[in-house]
Amino acid sequence: MASLAGSAAVAILLSAWVLGFTTRPLRRFAAAANRLGVDMSAPSLDESGPREVRLAASAFNTMQRRLKAFVEDRTRMLAAVSHDLRTPLTRLRLRAEFIDDDAVREKMLEDLAEMEAMIGSTLAFARDQANEEPMQAIDLNAMLGKVAEDMRDAGRPVGLTPAPQPLPVMGRRMGLRRAFCNLLDNAVKYGGTAELGLSRGAETVTVTIDDHGPGIPEAEFDNVFRPFYRLEASRSRDTGGTGLGLSVANDIIRGHGGEIRLSNRPGGGLRVTVTLPVGEG
Ligand code: ATP
Ligand code: MG
């Protein structure tokens, strides 16, 4: 009996070891695939081990290099297009100045100014994307505390209740700052004030931004994330935005493995909920 149990135990241990050994590369691939969605500049996979593993790792690295080059090409193209559009636009503005009809001239100059603003923010977005910031450990409590303070100094009412514990995430400092500034800017612009709420779960950090504005009709929740999309009310109210703020914020948060959700608060006003994975920092 004892020897039978002994050999069974040895067989079980041996197969567990073999299983662990053979599935380790798969775990590495899973981790690398997850990382790729967040950071395209993550270091390449180690191309060592048995032949099949080596081949798969090399194919994965080639895919990562191609994806990165593809995204970079597109970003460069976006920058080039928006940059080159500025020259004919300037010419148009000069020509428009010569229109005799005052009303037509004013309307045309307004349209041209709007186009210039759109092109300017597209160019700024493309430049931000091209400038690769390293991922680093960030405490959201501290970062958002600073953002709220800066906005208050600029006369914009932003309140914040910090979480009792630190909120560590791995991220790009400038990028995250821009994303939260865009969301807070909206809350203040459309809802009068912004109130930040911070909390931490087991795997995610959650930031809510509440305002007291009109909210957004549920049917428009997806649309407002589209570039240059603005609700009719904000277009006519002349709040001066170009409609890129939410698209940029969404792009940045997704690039950190997180997401942005919208909801209308029962008492009125919009709630924007941002979740980000807890970072190891
Ligand atoms: P930009 O941010 O580029 O200056 P914008 O604020 O118009 O311009 P987004 O931030 O992308 O663009 O927002 C898109 C639209 O969603 C806004 O025009 C507005 O109609 C609506 N919206 C965004 N945030 C709110 C909010 N907190 N309350 C009500 N409506 C909002
Ligand atoms: Mg905005």
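The values are calculated or read from the model by the stated rules, or taken from the named source; none is laboratory data. It should be emphasised that the depicted structure is a prediction, and the values quoted were computed from it without experimental measurement. For neighbour counting, all protein chains shown are included, and Cβ atoms are generated from backbone atoms with ideal geometry for every residue, glycine included.
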Condition (residue is within 16 Å of ligand 2 (Cβ to nearest atom), modelled with pLDDT of 95 or more and touching a Gly at 6+ places or on another chain (Cβ under 8 Å)) applied to the range 170-181: is it met by at least one residue? no
Run down L140, L167 and say which single residue is out of contact with any Asp or Glu (no Cβ under 8 Å at 6 or more places or on another chain) and closer than 21 Å to G255 by Cβ. L140
Consider the range 104-140. How many of its residues are surrounded by 17 or more Cβ atoms within 10 Å (Cβ to Cβ) and of a type in the set (G, A, S)? 2
Given the conditions (1) away from ligand 2 (no atom under 16 Å from the Cβ); (2) among the basic types (K, R); (3) within 22 Å of G269 (Cβ to Cβ), which single one is not true for K189? (1)
Of the listed residues (L55, L67), the one being surrounded by fewer than 15 Cβ atoms within 10 Å (Cβ to Cβ), part of a helix (DSSP H, G or I), over 32 Å from the mean Cα position of the chain (by Cα) and not β-branched (V, I, T) is L55
Could you list, ordered by first residue, the pairs with Cβ atoms under 8 Å in which the first is in the range 239-266 and on the phi > 0 side of the Ramachandran plot and the second is polar (S, T, N, Q) and away from ligand 2 (no atom under 14 Å from the Cβ), at least 6 apart or interchain? G257/N34
Can you tell me which residue among F60, F70 is among the aromatic types (F, W, Y) and either in contact with a His (Cβ under 8 Å, 6 or more places away or on another chain) or touching a residue at least 24 places away in the same chain (Cβ under 8 Å) (or both)? F60
Report yes if some residue within the range 82-93 is over 27 Å from I252 (Cβ atoms), surrounded by 16 or more Cβ atoms within 10 Å (Cβ to Cβ) and of a type in the set (V, I, T); otherwise report no. no
Looking only at the range 256-274, filter to residues that are surrounded by fewer than 19 Cβ atoms within 10 Å (Cβ to Cβ) and touching a Gly at 6+ places or on another chain (Cβ under 8 Å); which one of those is modelled with the lowest pLDDT? G268
Among the listed residues G155, G201, G171, G191, identify the single one that is of a type outside the set (A, V, I, L, M), away from ligand 1 (no atom under 16 Å from the Cβ) and buried (at least 18 other Cβ atoms within 10 Å of the Cβ). G171
Restrict the check to the range 242-249 and report whether at least one residue is more than 15 Å from ligand 2 (Cβ to nearest atom), among the polar types (S, T, N, Q) and part of a helix (DSSP H, G or I). no
Within the range 230-251, is there a residue that is more than 8 Å from ligand 1 (Cβ to nearest atom), loosely packed, with under 14 Cβ neighbours inside 10 Å, more than 20 Å from E116 (Cβ to Cβ) and at pLDDT 95 or above? no
Of the conditions (1) in contact with a strand residue (DSSP E or B) (Cβ under 9 Å, 6 or more places away or on another chain); (2) away from ligand 2 (no atom under 13 Å from the Cβ); (3) modelled with pLDDT of 95 or more, I216 fails just one. Which one is it? (2)
Check off (1) of a type in the set (D, E); (2) more than 14 Å from ligand 1 (Cβ to nearest atom); (3) at pLDDT 95 or above for D222 and give me the number that stays unchecked. (2)
